[in-house]
Amino acid sequence: MILLLACAPAPDCAEGYTAQADGTCLGEATAPFSGGDTMDEVLDALAPCVPMAASDRVDLDGACVDGACARSTFAELDEALGGTGVCVSADDDPLQAVYARCTWPVGIEAAFNDRDDDGVPDADALAYPLRLVAPYDGATPDGLGLDAGFACFVDAFGTPDSVSLVNDGENWWPGGFWWRTDNVWLGWSPESGPWDGTPSWMWVI
């Protein structure tokens, strides 16, 4: 993975990154990205914004989706989402503490602490954040959602604080966009299908 960071002119780049003429920091690449090698080139290569139909299902400021909000218990989320949540133990992830991974058919995921590793979220555990994946089709009042182009998020929030690139086996593509101040993080994964300029996942934090 390559990470492009938005920086001030003449940036003091972190180890592993080199300063570019446009004031960004660029990580070492093992393969070229067809859309460009700097932050500006990556953003310029994005297709023009095509927003989704506006709705109030996603509230980024309140960190809520369909009435279910981050920093809620499983019981609270499940009630808001119709009692359709299914949870499994996620202790197969060696990089994470023991937790339960829960999903809802609408396309919402969340993880909760699961101290006894029984696949059931602890009663006091809070989800932080929520993750939207297909087939979720809700959007913000500005038409931001999984079927909106990445350019729509750039138009709404400006230049990201960072853009990561992922390789699909042949080419490098934008894999993650992060706006630190706005707490917006979304991206694309090759496992979701061919690159189409829209995110395959989005965190609601």
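Observations on the model:
- Within segment 91-187: Cβ-based charge dipole about Cα centre, in debye rounded to nearest 20 (Lys, Arg +1; Asp, Glu -1): 340 debye
- Between segment 174-191 and segment 40-86, the alpha-carbon center distance in angstrom: 13 Å
- Here segment 70-205 has an Rg and Dmax of 15.9, 45 Å, counting Cα atoms alone.
- Local net charge near Asp142, Cβ-Cβ under 11 Å (Lys/Arg +1, Asp/Glu -1): -2
- Local electrostatic count, Pro190, Cβ distance below 14 Å [Lys/Arg +1, Asp/Glu -1]: -4
- Radius 15 Å from Cβ of Trp179, net charge of other residues (Lys, Arg +1; Asp, Glu -1): -4
Values in this text are rule-based calculations from the coordinates and carry no lab data. These figures come from a predicted structure and were not determined experimentally. Reconstructed Cβ throughout: ideal geometry from the backbone, glycine too, with neighbour counts over all protein chains shown.
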